[in-house]
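Take a look at the structure set out below.
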Amino acid sequence: MPKNKTRKPIEIKIATVVAVSAILHDVDLSILDTALKEMTGGMPDFFDNEFAVIDIAALASDHPQIDWSALVSLLKTYQLNAVAVRNAPEEMHPAIIANGLSIDTVIAPRTEPVINAPPPPEVVAIGPAQQELIEIEEIKEIEIAPVTSSAQSMPSAMIVDTPVRAGQRIYARGTDLIITAMVNNGAEIIADGSIHVYAPLRGRALAGASGDTEARIFATSMEPELVSIAGVYRTFENGLPPEVKGQAAQIRLSGDRIDVISLNSAARS
């Protein structure tokens with residue numbers, strides 16, 4: 001049977017996923033095992049192979065060293081697939097990355113106070129009585145009712161004023177992302193809207209993550225490892241064209257093609 005030459009053997013696109021946040025209050029694996037058994041009640045499919053982000057913000061500053069490999073294995077036995085660690089100090093990053101986990105960096109966008117905001121979702125605590133050991137918090141999309149006031153405004157952009165280091169990931173959900181410092185090699189920045197980097201962009205930049213084909217990526221010094229618009233991506237193993245490398249440029253989607261255009265070019269549109 002002749003092969004369909006127009007059909008690609010594989011397509012890789014950027015997608016957002018639902019995950020749970022496993023908030024640790026203890027690093028003793030036997031205690032965590034007991035707590036998870038108590039929560040799941042012996043049901044082997046309680047979590048049903050959910051993705052999990054390990055959050056260590058609640059741990060005491062003098063907590064024992066974390067055995068990442070053993071912790072990942074423990075979660076796996078309860079069908080929790082650990083993919084990243086949140087709120088980890090920089091000195092932990094090499095060990096975390098060495099165990100196949102990503103560094104999850106969450107920076108809240110700057111927004112105006114919301115009047116009559118709904119209460120935060122309830123977090124289920126598990127573990128022995130009188131002591132919370134681990135919390136499981138599901139991360140879900142939240143549907144916001146449209147504002148009917150004539151003063152309706154678009155959500156403000158997420159603004160990051162510090163360098164984005166290798167292994168860090170920043171996601172601007174539902175808005176644009178503005179970064180005023182360098183994005184280093186090995187870093188990943190994601191936005192549902194457009195991305196603006198007023199410094200060298202040397203990592204991975206993924207705009208239009210929720211499918212916005214009109215999103216763009218701008219940088220005052222364009223040097224990325226990989227870019228993506230609405231899931232269509234392009235890598236630069238052989239480097240950028242000399243007329244745009246290290247220059248102010250924009251990246252946009254034209255059909256199924258990623259274009260890199262100098263902001264100083266008279267041909268730009």
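The values are calculated or read from the model by the stated rules, or taken from the named source; none is laboratory data. None of these values were measured; they are calculated from a predicted model. Here the Cβ is made from the backbone with ideal geometry for all residues, glycine too, and neighbour counts use every protein chain on show.
When you check ARG252 against the structure, is it at pLDDT below 90, basic (Lys, Arg), in a strand (DSSP E or B) and not assigned by TED's automatic domain parsing to the domain that holds ARG86, yes or no? Taking the combined requirement at face value, the residue does not satisfy it. I need the full set of residues from region 231-256 which are in contact (Cβ under 8 Å) with a residue 24 or more places away in the chain and of a type outside the set (Asp, Glu), in order please. The answer is GLY231, VAL232, TYR233, ARG234, GLY246, GLN247, ALA248, ALA249, GLN250, ILE251, ARG252, LEU253.
Is it the case that region 157-165 has a residue that's closer than 27 Å to ILE97 by Cβ, free of Cβ contacts under 8 Å to residues at least 24 places away in the same chain, in contact with a Ser or Thr (Cβ under 6 Å, 6 or more places away or on another chain) and of a type in the set (Asp, Glu)? For region 157-165, residues closer than 27 Å to ILE97 by Cβ, free of Cβ contacts under 8 Å to residues at least 24 places away in the same chain, in contact with a Ser or Thr (Cβ under 6 Å, 6 or more places away or on another chain) and of a type in the set (Asp, Glu): present. In region 45-104, counting only strands (runs of 3 or more DSSP E) that sit wholly within it, the ones holding 1 or more residues that are farther than 14 Å from GLN168 by Cα span 50-55, 80-86.
Look at (1) under 20 Å from ALA157 (Cβ atoms); (2) buried (at least 20 other Cβ atoms within 10 Å of the Cβ) and you find that ARG202 fails only one, number (1). All of ILE144, ILE190 fail the test of being out of contact with any helix residue (DSSP H, G or I) (no Cβ under 9 Å at 6 or more places or on another chain) and at pLDDT below 60, apart from ILE144.
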